[in-house]
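I have placed the structure first, in the form of structure tokens, so that the comments after it can refer back to it.
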Amino acid sequence: MIMWHRKQTDARKLFDVPATKVGEFRLLFKTDGPSSELQARFDAEARLLREGRRMYERGYLRNWRESGGTYQADAVPNGEMEASATVRTRMGKIAGMACTCTPGEALRCVHICAVCFRLFYRERYCSALHRKTIVPYEASGMVNRYLGNRLGTYIRDEETAYETAIGLEHIIGVDDERQYERWLEGTHFIHSMGNCLPSVEETTDMDTDHWPDPDAPDLTADLPHGWFTLLEGMYGKCQDKEKMARLYALYIARGELPEDARYVDRLRWMLSTVKLNDGNAELLQATLRQLMAKPRVKYSYDIDGPQPNNAYECLLREYGTQEAIDDYCGIIEKSADEFTHA
Ligand SMILES: [Zn+2]
């Protein structure tokens, strides 16, 4: 009953904001004040954007609803309902916002920020908005910086990217179906090779300072998925949607970072159907089937037994068959029981 009232409130009390392109939504989170406080305001804005992005990327927005250019979502971090945020667009621009966390006030909250981030990424990655499938190129910039700074090299063209991808697939061990399956299951032996590229800890990406882990050694300090991010950059350069879908499936199945939940959206948006016969719908279905064939739980070296996988849970919430959900919950509950009684 309380929920019902909340929704009624934000539907009526939307605050108008200056019409702002979705891609420039961060302008809406700037604040005015004396110039002596410029640095403090800048820091607060950066913090808010980072937290909003984290909230979105960890899959904390649930019950996404949209109609007539108005988007609503519940923010549910760690399973706790926190607020319900609404963003209204007009002619493709953000024109109004509201959140139940600050009723009746000007709005610069993390929940609205998270909804804006989702709209922002959707615009960047949604194939259906354009005439051809867009393969996300998010990792390419990171990879270019890494290659340039550390190895004094760069990927000139698609041909080079294609050849580099073949080499990387071979090194990582994802160049045949059986090995790829083992990666999905977490039963590969790559760890025995260690991480033999130079260490890169001094060049952490400013926009992504909550991931990768700044304390992590070597590649993972700069590239969120280490070798796989290098491979991702190559696939982006080649615009290879099949290979990219395999990589995204792997990120979801392994779910090492809570932020891996964002690949559920990216997979879906990359494979949104642009035209009939583009193969995207079939590829999405095949990828989902493979992911749901077995519960994709997380294994850790430090903790006994299978652990919850945030990214996979997000996938199950959106696409899960009853059977896949039951299998997954069964394994997690059994593991929790065994752990408690051990
Ligand atoms: Zn809020």
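Just to check I understand the Karplus step: with θ = phi - 60° and J = 6.51 cos²θ - 1.76 cosθ + 1.60, what whole-Hz values come out for segment 288-297, glycine and proline as x?
5, 4, 5, 5, 8, 5, 9, x, 9, 8
What whole-number value in cubic angstrom gives the convex hull volume per residue for the C-alpha atoms of segment 256-342?
That works out to 91 Å³ per residue.
Counting Lys +1, Arg +1, Asp -1, Glu -1, what net charge surrounds ARG41 among other residues with beta carbon under 10 Å of its beta carbon?
Working: positive: LYS30; negative: ASP32, GLU37, ASP43, GLU45.
Here the charged neighbours net out to -3.
Residues with beta-carbon under 14 Å from that of VAL264, excluding VAL264: net charge, scoring Lys, Arg +1 and Asp, Glu -1?
Result for the neighbourhood of VAL264: +4.
What GluC sites (Glu not before Pro) does segment 11-87 have in DSSP loop regions with at most 13 other beta carbons within 10 Å?
GLU80
Please order THR86, THR31, THR187, THR70 by the number of other Cβ within 10 Å, starting at the fewest. Intermediate values should be presented prior to the final figure.
Numbers: THR86 25, THR31 13, THR187 9, THR70 18.
Fewest-to-most ranking of THR86, THR31, THR187, THR70: THR187, THR31, THR70, THR86.
Please compare each pair in LYS30/LYS93; LYS132/LYS237; LYS243/LYS294; LYS243/LYS298; LYS241/LYS275; LYS21/LYS241 to a cut-off of 19 Å on the Cα-Cα distance and tell me which ones are over it. Intermediate results must be reported in sequence, preceding the final value.
Values: LYS30/LYS93 17 Å; LYS132/LYS237 15 Å; LYS243/LYS294 21 Å; LYS243/LYS298 23 Å; LYS241/LYS275 15 Å; LYS21/LYS241 28 Å.
Too far apart for the 19 Å limit: LYS243/LYS294; LYS243/LYS298; LYS21/LYS241.
Values quoted throughout were computed directly from the atomic coordinates according to the rules given, and no laboratory measurement underlies them. Just so it is clear, the structure is predicted and the values come from calculations on it, not from any experiment. Here the Cβ is made from the backbone with ideal geometry for all residues, glycine too, and neighbour counts use every protein chain on show.
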